[in-house]
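In what follows, a structure is listed as structure tokens, so that the remarks can point back to it.
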Amino acid sequence: MAKSASKENVNGRLAGLKAKHFSAEDREQRIGKALAILDLPAPNFILDKETWKWAAENAEIEDI
């Protein structure tokens, strides 16, 4: 029983945090922003496996 009460507490806390962060007033703005990002052109380049591995492992790639 103690586990379910704790789980309910966590779920209630999470719901409260989500409601605070994702307010109804900002909903239209969030949707518009997401749709605008989806409308951006996607990258259309093909990289080989070695290049993907290099990019994933190189922490300083933004400095290039």
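The values are calculated or read from the model by the stated rules, or taken from the named source; none is laboratory data. Since the structure is predicted, the reported quantities are computational estimates derived from the model, not experimental observations. With ideal geometry, Cβ positions are generated from the backbone for all residues, glycine too; neighbour counts draw on all protein chains shown.
For the stretch 39-51, what are the residues that are modelled with pLDDT under 85 and of a type in the set (A, V, I, L, M, F, W, C)?
Residues of the stretch 39-51 modelled with pLDDT under 85: 42-45.
Residues satisfying the conditions are ALA42, PHE45.
One residue is enough: does the stretch 29-45 have a residue meeting the conditions among the acidic types (Asp, Glu), loosely packed, with under 10 Cβ neighbours inside 10 Å, over 20 Å from the mean Cα position of the chain (by Cα) and in a helix (DSSP H, G or I)? No, every residue in the stretch 29-45 fails to be among the acidic types (Asp, Glu), loosely packed, with under 10 Cβ neighbours inside 10 Å, over 20 Å from the mean Cα position of the chain (by Cα) and in a helix (DSSP H, G or I).
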